[in-house]
């Protein structure tokens, strides 16, 4: 056999330590796992918000949710509120979970479309996540599928640096060896080009069979050594810079992320136990760095706890996430702006694929090609969902006009047109975001169908009556829940 006997992870942060934790939990014997990182190299940590898939990752590691939230100064997230995206002043909520529960062959949102002209019901009114979020309430879903409190889902906000430290302790307990230092050079096989080892600045040589590149944007191995190439998506997702700054915590401790459209991009707001995370993602072609910083600082909920930290990026992906004996994870594999909190999910997704397609030392192309095919589809489907937000707008600033009129991928045109005509949601292979997510953005940003699904004409269901009862049930259920703060105080309040 030619089993992998050693793995070297180059880079720490969330990507490195999530990878180390997952590998050390799975590869119990027979494989040495080493991680190289330098405290002199900062981590990006643009976003601190996640989507519900992170729960599966943590559960796979066996983490206790309350202890994890406590250790990371975390809070809970029922979805994302979008402010000003379709047009200035407009608000809508992207919920985690579903809109009600299916009660007919035709979906809930189709019944809403058919009755909306004769009711004051908004689409948000049909979501348990929003019913709780609008009141600042939170609780985990119940297991009784008959109850409306089973129809929402949730994720987390947390301090990404604390999460990496938490997973470092977890990994080192399970045998991962950490080396402090910077990589000075990379050694490759003369004929195959495979990576054989890296040399640190102090002369230490670290060899391995499999290398995981978690070195961030520079892609020290995947790009610096292997010249893999990069697909640039800025013609669809034009923001290329971000400024991030924490501020003092606001009493409005919301169980959701907020994304507010600005003249040249958008601003995030992420409430943690000890502070609020903020940032402005923007297009440098439409606003100067100084103007962006002034806009960000003028729109904080509390006193800034530092100067805005700049970040430059190119949205896109490596042409291959797996090249030879190197697999890129995190920013080394590409960058998707944190509009829908997918950064940690993409780390998690590549880790899952590493385990699903775990190689021998022969690195069979059959395996690596399928890994890359799946990775490509995953990132392109997320890309399309992000483009949807930019394209469906009626704002009147130069950036937004350009986005509204840009030529979008055919895979997205197909979905927009099907929804525009009949409100139908057309799924694609490897879609990360489900029906509620797509429905929220379509409706929230005014892609209102010309007519509901024709099938609804043949139903004898009183949709209006059901939806009114659903709203009442959701609001009644939300009234019984603890506040977000009370839930954390009772279960996972940080002591620091």
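Values in this text are rule-based calculations from the coordinates and carry no lab data. All of these numbers come straight from a predicted model, not from anything done at the bench. Heads up, the Cβs are rebuilt from the backbone with ideal geometry, glycines too, and the neighbour counts pull from every protein chain shown.
Hey, how many Å between the Cα centroid of the stretch 72-143 and the Cα centroid of the stretch 319-349?
If we compute the Cα centre of each part, the gap is 29 Å.
As I understand it, the value is the acute angle between the Cα axis of helix 160-173 and the longest principal axis of the Cα atoms of the chain; what does it come to in degrees, rounded to 10?
In the chain, helix 160-173 runs at an angle near 50 degrees to the longest axis.
Please rank 77, 415, fewest neighbouring Cβ atoms within 10 Å first, as an exposure proxy.
415, 77
As an exercise, use a Förster radius of 51 Å and the Cβ-Cβ distance of residue 370 and residue 466 to find the FRET efficiency, rounded to the nearest 0.05.
Values: r = 44 Å, r/R0 = 0.87.
Once the sixth-power term is evaluated, E becomes 0.70.
Once both labels are modelled 7 Å past Cα along the beta-carbon direction, what's the residue 288-residue 450 spacing in nm?
Output for this residue pair reads 4.8 nm.
Any chance you could give the angle, 0 to 90 degrees and rounded to 10, that helix 343-356 forms with the longest Cα principal axis of the chain?
60 degrees
Among DSSP beta bridges lying fully in the chain, give the percent that are antiparallel, nearest 5.
DSSP beta bridges in the chain are roughly 70 percent antiparallel.
Taking the 0 to 90 degree range and rounding to the nearest ten, how far is the long axis of helix 365-391 tilted relative to the main principal axis of the chain, both from C-alpha atoms?
That helix lies at roughly 40 degrees to the long axis.
Mean separation of Cα pairs under 8 Å and 6+ residues apart, divided by the residue count of the stretch 241-312: what relative contact order is that in percent?
Value for the stretch 241-312: 45 percent.
So for 142, 281, fewest C-beta neighbours within 10 Å to most, what's the order?
Least to most surrounded, the residues fall as 142, 281.
Is the shape of the chain best called rounded, prolate or oblate, per the rule: a/c under 1.5 gives rounded, else a/b larger than b/c gives prolate, else oblate, with a ≥ b ≥ c the square roots of the Cα gyration tensor eigenvalues?
Taking the square roots of the gyration eigenvalues as a ≥ b ≥ c, the chain is prolate.
Working out 0.36 nm times the residue gap between residue 182 and residue 197, then minus their Cα-Cα distance, what length gain in nm do you get to one decimal? Intermediate results must be reported in sequence, preceding the final value.
Details: separation 15, 0.36 × 15 = 5.40 nm, distance 1.35 nm.
Separation in residues times 0.36 nm, less the Cα-Cα distance, equals 4.1 nm.
Which residues in the stretch 417-455 place their backbone N less than 11 Å from a point set 7 Å from the Cα of residue 105 along the Cα-to-Cβ direction?
455
What is the order of 429, 417, fewest Cβ neighbours within 10 Å to most?
429, 417
Would you mind checking the stretch 268-307 for residues with the amide N under 13 Å from a putative spin-label position 7 Å along Cα→C-beta of residue 485?
It comes to 273-274, nothing else.
So, in nm, how far is label residue 495 from label residue 28 when the simple model puts each one 7 Å beyond its Cα toward the Cβ?
My value for the distance between the label points is 3.2 nm.
Would you mind calculating the gained length between residue 426 and residue 39 on full extension (0.36 nm times residue separation, minus the Cα-Cα distance), in nm to one decimal?
134.7 nm
As a test of the formula, what do you get for the chain when each DSSP H run with n ≥ 4 contributes -39,500 (n - 2.57) and the sum is divided by the residue count, at 222 nm and rounded to the nearest 500 deg cm²/dmol?
Result for the chain: -10000 deg cm²/dmol, rounded to the nearest 500.
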